Each structure stands twice: as C-alpha cells, then as structure tokens.
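To start, the structure under review is shown below, and the notes come after it.
The values are calculated or read from the model by the stated rules, or taken from the named source; none is laboratory data. Predicted model only: the values in this text are computed from it and were never measured. With ideal geometry, Cβ positions are generated from the backbone for all residues, glycine too; neighbour counts draw on all protein chains shown. Just so you know, the surface numbers come from the protein's heavy atoms only, side chains and all, with ligands and any DNA or RNA stripped out. Shrake-Rupley method; radii C 1.70, N 1.55, O 1.52, S 1.80 Å.
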Amino acid sequence: RGGFGIKPLYAATLPGGQLAFASEIKALRALGAGAEPDWARVSEWLVGPSLDNIPARGRTFFAGVREVPPATAFEVAADGRVREWRYWSLDGVTRRPASQARDAGEEYAALFEDAIRLEARADVPVGVSLSGGLDSTAIACALARQTGTTLEAFCYMSEQHDERRYIEATLAQTGAHLNVVPVTPEGLFDHLDALLAVHDEPVHTLTAAIGAEIMRAARARGITVMLNGQGADEVLAGYSSYFQDYWTDLVRRGDEARARQEIADYTAVHGGDAAAPFDAARRRAARLARRGRLPFMTLASRGKTWVRGRRRREFTPELLRHLPLPVAEDEGNGLTGALRRSMGETTMPFYLRVEDRNSMAHSVEARVPFLDHRLVEMAFAL
C-alpha cells in the first residue's frame, strides 16, 4: 500500500479460508467477511477523546476485516501464510543541519511546482477545490501558471464560513471559473443514507457530507480529476495546536526564554495574553516529565478514559463489555513527533479515507500534491 495510504486496501480471511483483498469493506462483506461488528473498535471510537483521533491499529468496525497499513508490503505464500513488513517510514528521514535550511523556502517552492506538474497530467479536464486557505490557493495558482487554461474551481460558502475575499483574490490572480456548490441542511440530510453507505464506517462531522457535494458538483460539470490541499496542515504544521507542541518542546529542552519570545510573537499577531499559553506549555512539559519518570502516570491517564466510558448510561451492556483500555497518546518528541503522529496515526489517515470515499462515489479521481513524498521528506528533514 502507498506510503501515506492515499488509496485504501482492506484484507479479510473468508469463511472458506481464502484470503481476499478489496478497496472497500462492502466488497469483502459481500463475500461473507465482517458479518459481525468489532465491538472493541466501536466502543473505542465512541469513548475516545476525539472522533478522528483513535488508535485503531488497522482494525475496522467489522470483525475480521482489517486495513492494510500505509507503507506496508505483504507476501502471500501458496499455503496461505502471509508475511507483512513496513517498507518506508518518516523515522528514516535524515534531519538537515540548520546551515542547510536557509534556502528551504525556494527549494520547497520549486519542488511544489514540480509536484503540481506531475499531478496535472491528465487527458481529461482538471479541477481544484478552492477554500480560500493557503493550501488550495497555492495549488490553484500553480495550476494556472503551468496549464494556461481556465480552471474550474469548486467551493462551499456559508454565512458562518465565508472566505469570499480570499477566493476572489485567487480568482483575480488565476482567471479561474468559480463554481459555488449550493449546500443546505435539507440537501445534506436527503443524501445522508447514500453518504453513510459509501463510507462503510462512521464519519465525525457533516464536513464529510459537504465534501461529497463538492465532488458531486465537479462530476456534474464534467470534471473527473480534482486537486486539493489534503496533507498540507499535517506536513507544514498548519493547525494552531502545533504551536503548543512547539512551545512545550522548547520548555522541556530548558529554553524558556525562546518559548516566551515565540509566544509573544504569536500573541502579537493573533491577540490574547502571552502568559496563558506559556503557563500551559510549562504544565504540559511537567506532566510529560512525570510520565517519563513514573510509568503509573500513563496507566492512570488511560484508566480515566476507561472509567468514564463505564459510567456512560447511554452505552449498552454489549458495548461496555468490549470496551478496551485505551492506549495513551504519545505526546513526546515535540513538534516533529506531533506531525509524525498526525501523518501516520491520527488525522491524515482519517481525512484521506473520507476524501477517497467522497471522490470515488462520484467517479472522480482526487489528487493530493502536498503528499508528494519529496515534499513530505523535505519538510520532515527540516
């Protein structure tokens, strides 16, 4: 399976003993696999702290059906034995010395242009999901530079989430034709049954439904290849939570002066009191230090989640009987560790699953240039 799991692959042993592989769980269920729920997986998902941040460890919601992990190869012998191994990992990326990082921006930009060149290869029209964010804007601008054609851009807008001024600036720069996808609560619910059937497993919010409507609109427009910005936040630390990982790491390394300055710079732009995030970084650093010295602290944090689940009255006895003791999230290794977990264990696998189901349900190929392995390896080397 690909290094980041951009495309899915599931495996199951069928009732007759045969080994089967498919890109959708429903295909394996049609052959008799996954007839019962994996109650441990179901309860883990419901009790966990975040619905897109669950250590599933390759399990699915269907007993006996498992996901082949990203960057994994396997070999099936004639007697049915399976050997599986990891062929690539971000752990193997060599860090660059600071002296080699000065021209990183220009180097990344050149690599990004080449990634767009490769992803734009198609004998059909290519479109782009345009949100107004930096990632999709960068893709649209690079596509316009390289193709010289009028792009078809697709976006969702609402009064609560209006990025029109950024989108209009991008349209002025690229000359793209904008398709605003009409989305109403009633429309989303009308398509909900079909959406759930497509996804096989639960999704965490109606964001997945909006993504499906964008792919539906692209297909109706005759666009069968769509580029989007999946992976940019996980590779380039785009989520605000990554700042806290970075500040905590500075405190843990004893560089509190640098942490204070970084937080002051952040609050100067985003507002707020610099003292609060600094205190939070110190508390988190202290907690991580205690975990390292006292293993029972880790066990205690895992046990709290388990006890909370046991107290939930809405959970059936069947669910509670299979409630596993959650694995504590590893918060160590600072910003790089947080990004590595996002790429391999938490948000990225989930978002790629959602994107694949939404696009393929409408016979659209979704491409993700920010996950070009050269771009990812360069970012982690820095």
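Couple of notes before you dig in:
- Pairs where the first residue, in segment 102-117, is under 17 Å from Leu227 (Cα atoms) and the second is open to solvent by 60 Å² or more (accessible area, probe 1.4 Å), C-beta under 9 Å, 6+ apart: Leu111/Arg374; Glu113/Arg145; Glu113/Gln146; Asp114/Arg374; Ala115/Arg374; Ile116/Arg145; Ile116/Gln146; Arg117/Gln146
- Considering only residues in segment 1-29 that are in contact with a Gly (Cβ under 9 Å, 6 or more places away or on another chain), among the small types (Gly, Ala, Ser) and assigned to a loop (DSSP other than H, G, I, E, B), the one that is nearest to Val198 (Cα to Cα) turns out to be Gly5.
- Among the residues of segment 77-96, not one is in contact (Cβ under 8 Å) with a residue 24 or more places away in the chain, aliphatic (A, V, I, L, M), closer than 30 Å to Leu14 by Cβ and assigned to a loop (DSSP other than H, G, I, E, B).
- Qualifying residues in segment 365-382 (those that are open to solvent by 20 Å² or more (accessible area, probe 1.4 Å) and of a type in the set (Gly, Ala, Ser)) - the one nearest to Ala218 (Cα to Cα): Ala366
- Which numbered condition Pro70 fails, given (1) part of a loop (DSSP other than H, G, I, E, B); (2) open to solvent by 50 Å² or more (accessible area, probe 1.4 Å): (2)
- Counting only helices (runs of 4 or more DSSP H) wholly contained in segment 187-271, the ones carrying 3 or more residues that are open to solvent by 30 Å² or more (accessible area, probe 1.4 Å) occupy 192-199, 207-220, 241-252, 256-270.
- Test set (1) open to solvent by less than 50 Å² (accessible area, probe 1.4 Å); (2) touching a helix residue (DSSP H, G or I) at 6+ places or on another chain (Cβ under 7 Å) - Arg59 fails condition number: (1)
For every residue, the table says whether it meets (1) surrounded by 18 or more Cβ atoms within 10 Å (Cβ to Cβ); (2) modelled with pLDDT under 90.
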{"position": "Phe315", "(1), (2)": "no, yes"}
{"position": "Val327", "(1), (2)": "no, yes"}
{"position": "Gly332", "(1), (2)": "no, yes"}
{"position": "Met343", "(1), (2)": "yes, no"}
{"position": "Met348", "(1), (2)": "yes, no"}
{"position": "Asp356", "(1), (2)": "yes, no"}
{"position": "Ser363", "(1), (2)": "no, no"}
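- Candidate set from segment 93-135 (those that are crowded, with 20+ Cβ neighbours inside 10 Å and β-branched (Val, Ile, Thr)); member that is farthest from Cys155 (Cα to Cα): Ile116
- Segment 136-178: number of residues that are among the charged types (D, E, K, R) and either buried (at least 20 other Cβ atoms within 10 Å of the Cβ) or touching a strand residue (DSSP E or B) at 6+ places or on another chain (Cβ under 6 Å) (or both): 1
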